Amino acid sequence: MAQQPPLGPADSVVVVGAGHAGVQLVDSLRAGGYAGAITLLSRESARPYQRPPLSKDFIAASGAPEALPLRGEGFFDDAGVRALWGVAAERIDPEARQLVADTGERIAYSALVLATGADNRRLGVPGEDLAGVVSLRTLEDAARARAGLEGARRAVVVGAGFVGLEVAAAARARGVDVTVVAPTERPLRRSVSPAVSAFLAERHALDGVRLELGTAVAGFLPRPAGSGSGDRVASVMTADGRELPADVVVVGVGAFPAVGLAAAAGLAVGDGVTVDGGLRTSDPHILAIGDCASFPSAHAGRRVRLESVQNATDQARHAAAVLLGAAAGPYAELPWFWSHQGPTKVQIAGLSRSDAHRVVRGDRASGKFSVFAFDVTGAEARLVAVESVNSPTDHLAARRLLGAGRQLTPDDAADPAFDLKAYSRAAPVPA
Ligand SMILES: Cc1cc2nc3c(=O)[nH]c(=O)nc-3n(C[C@H](O)[C@H](O)[C@H](O)COP(=O)(O)OP(=O)(O)OC[C@H]3O[C@@H](n4cnc5c(N)ncnc54)[C@H](O)[C@@H]3O)c2cc1C
């Protein structure tokens, strides 16, 4: 792909999306010394905020919802960023190197960065648009979910992924009766090992969450007409013919990358906007980062698209370095992730496949353990990922080892007498 010269003060950067990736990019460009024009477009009118708390503390507590800002007040003004809140990018004109906003303004760019994130999947079943059925992505969605939980007796959560389980725990913390309905046989089937799934299923059940697994949702029924709230959800219909009463429903069935702008501009897209190791799209003047980008992962050995704060933030830093001509090589940061489900903290470092060889370190019954995943080729076992449950020390050690490419045998990983912390300390500290 054609090499681009580093940005200079006469250049202009346009960033679409002010989530974790877009905001970090702007920050890193200025921190890296870029003094040219920056325009940041956000179709949300709320000032940039942290998304992870939306399915956790934000809805677990009573009182007025407050978002956690991504940067302090005055950050964008101080950084000399032209921030357009509540303005969506409508179209890219790659030949003219201009972005067309929904206000009609054409904004010229030397470099355009797409940080458009992901949009929630819909179930595509009847009743999905009833009041009280909420799909959680934005601050507005979370405020709706929280209002629905106020005074609710029964909630149904559709989906047993991270967002679904976090919402279930938060709703239980408010004393709401919670049922999780999901078509998969185990929670988090695509994201964690069977051992961690089993632990979480037990943990949520102990906390009083009812798990209806292997169950698809067929639709939502409204309250009876004449009840004064006939457009509001009353129950969830399952595909096996049951009706689950619900005052509020939260749907968390995954997301798809926001690639519309890129695709319409003729950029290469697959599961995400296709980028190279420099996070450049098929048009070298346009980069894509965060949830919307499909990139070649050194850790997975294949192209992946990740939905995590770490990925959004680290790719933003890397994209800024690429634009400033300061990137030392292709993007290669270790992926890691966290999820807080009530009192249970899950942390994951690295990426594993379902056929990985796994060993458990620690005692599941104690509620603190880690699952180490290895890729096995012949006699060689290579550590590729670690899932830690309530074991932050293991997680940090795993990040050190995986980040440094330092090896560990499955026997050592599983041996409680093996000093993992000391062993990992011989590896460089991750960023
Ligand atoms: C409820 C919830 C809980 C989560 N919890 C965790 C967690 O515990 N840990 C973790 O690591 N990750 C978590 N995530 C994932 C994490 O929040 C995302 O990976 C991260 O926000 C991705 O950042 P991003 O900047 O790529 O996208 P986003 O943060 O989604 O930002 C993209 C922004 O671009 C805007 N946009 C899109 N198209 C346009 C357009 N045409 N014009 C203008 N603006 C546009 C969108 O409206 C959005 O504001 C969670 C996500 C959700 C939804």
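Using the Cα gyration tensor of the chain, with a ≥ b ≥ c the square roots of its eigenvalues, what is the shape: rounded (a/c below 1.5), prolate (a/b larger than b/c) or oblate (neither)? The shape class here is oblate. Note on Ala263 and Lys421: with the Förster distance fixed at 41 Å, the Cβ-Cβ geometry gives a FRET efficiency of about 0.30.
Per residue of the chain, the DSSP helices (runs of n ≥ 4 H) give a summed -39500 (n - 2.57) that works out to -6500 deg cm²/dmol at 222 nm. Amide H contacts of Leu40: Val15, Arg82, Ala83, Leu84, each under 5 Å away and 5 or more positions distant or on a separate chain (H built 1.01 Å from N in the peptide plane; Pro and chain starts excluded).
A simple spin-label model places pseudo-atoms 7 Å from Cα toward Cβ; at Ala326 and Gln98 they are separated by 3.3 nm. Please identify which residues in the stretch 130-157 have an amide N closer than 14 Å to a label point set 7 Å out from the Cα of Ala46, following the Cα→Cβ vector. Taking a point 7 Å out along Cα→Cβ of Ala46, the residues of the stretch 130-157 whose backbone N falls under 14 Å are 135-148. Label-to-label distance for Ser227 and Ser62 is 2.4 nm, based on points extended 7 Å past Cα in the beta-carbon direction.
Net length available on complete extension from Ala147 to Arg91 is 16.6 nm, with 0.36 nm assigned per residue and the Cα-Cα distance removed. Amide hydrogen proximity for Val157: with H placed 1.01 Å from N in the peptide plane, the residues at 5 or more positions away or on another chain lying under 5 Å are Thr179, Val180, Val181, Val250.
In sequence order, the stretch 152-157 has phi-based couplings of 6, 9, 10, 10, 10, 10 Hz under the Karplus curve 6.51 cos²θ - 1.76 cosθ + 1.60, θ = phi - 60°, and Gly or Pro positions carry x. Could you let me know the centre-to-centre spacing of the stretch 86-109 and the stretch 155-172, using Cα atoms, in angstrom? Cα centres, the stretch 86-109 to the stretch 155-172: 38 Å.
Figure legend: label point modelled 7 angstrom from the Cα of Arg382 along Cα→Cβ; residues of the stretch 306-345 with amide N under 16 Å from it are 332-335.
If you run the Gaussian network model on the chain, springs between alpha carbon atoms under 10 Å, then out of Val233, Val125, Val248 the most flexible one is Val125. Applying the Karplus relation 6.51 cos²θ - 1.76 cosθ + 1.60 with θ = phi - 60° to the stretch 246-255 yields 3J(HN,Hα) values of 8, 7, 8, 10, 10, 9, x, 10, x, 9 Hz, where x marks Gly and Pro. Within the listed set Ala142, Ala21, Ala300, the residue fluctuating most in the Gaussian network model of the chain (springs between alpha-carbon atoms under 10 angstrom) is Ala300. For the stretch 118-133, backbone phi angles converted through the Karplus equation (6.51, -1.76, 1.60; θ = phi - 60°) give residue-by-residue couplings of 9, 10, 5, 5, 9, 6, x, 10, x, x, 5, 9, 5, 4, x, 9 Hz, Gly and Pro being listed as x.
Stokes-Einstein diffusion for the stretch 153-312, with the hydrodynamic radius set to the Kirkwood value over Cα pairs and evaluated at 37 °C in a medium of 0.692 mPa s, equals 182 µm²/s.
Among Lys56, Lys345, a tally of other beta-carbon atoms within 10 Å of each Cβ gives an order, fewest to most, of Lys345, Lys56. Between Ala255 and Arg121, the built amide H atoms are under 5 Å apart, and every one of these is 5 or more places off in sequence or on another chain.
Taking Glu95, Glu307, Glu128 in turn, the Gaussian network model of the chain (Cα-Cα springs below 10 Å) assigns the largest fluctuation to Glu95. Positive contributions from Lys and Arg (+1) and negative ones from Asp and Glu (-1), summed over other residues with Cβ under 14 Å from the Cβ of Asp177, come out at +2.
Run the simple label-point estimate for Gln4 and Ser354 please: 7 Å along Cα→C-beta, distance reported in nm. Between Gln4 and Ser354, the simple spin-label model gives 3.8 nm. To the nearest Å, what is the center-to-center distance of the stretch 128-143 and the stretch 260-292, using C-alpha atoms only? If we compute the Cα centre of each part, the gap is 29 Å.
No value in this document is a laboratory result; all are computed from the given coordinates. Here the structure is a predicted model, which is why all the values come from computation and not from measurement. Neighbour counts run over all protein chains shown; Cβ positions are idealised from the backbone, glycine included.
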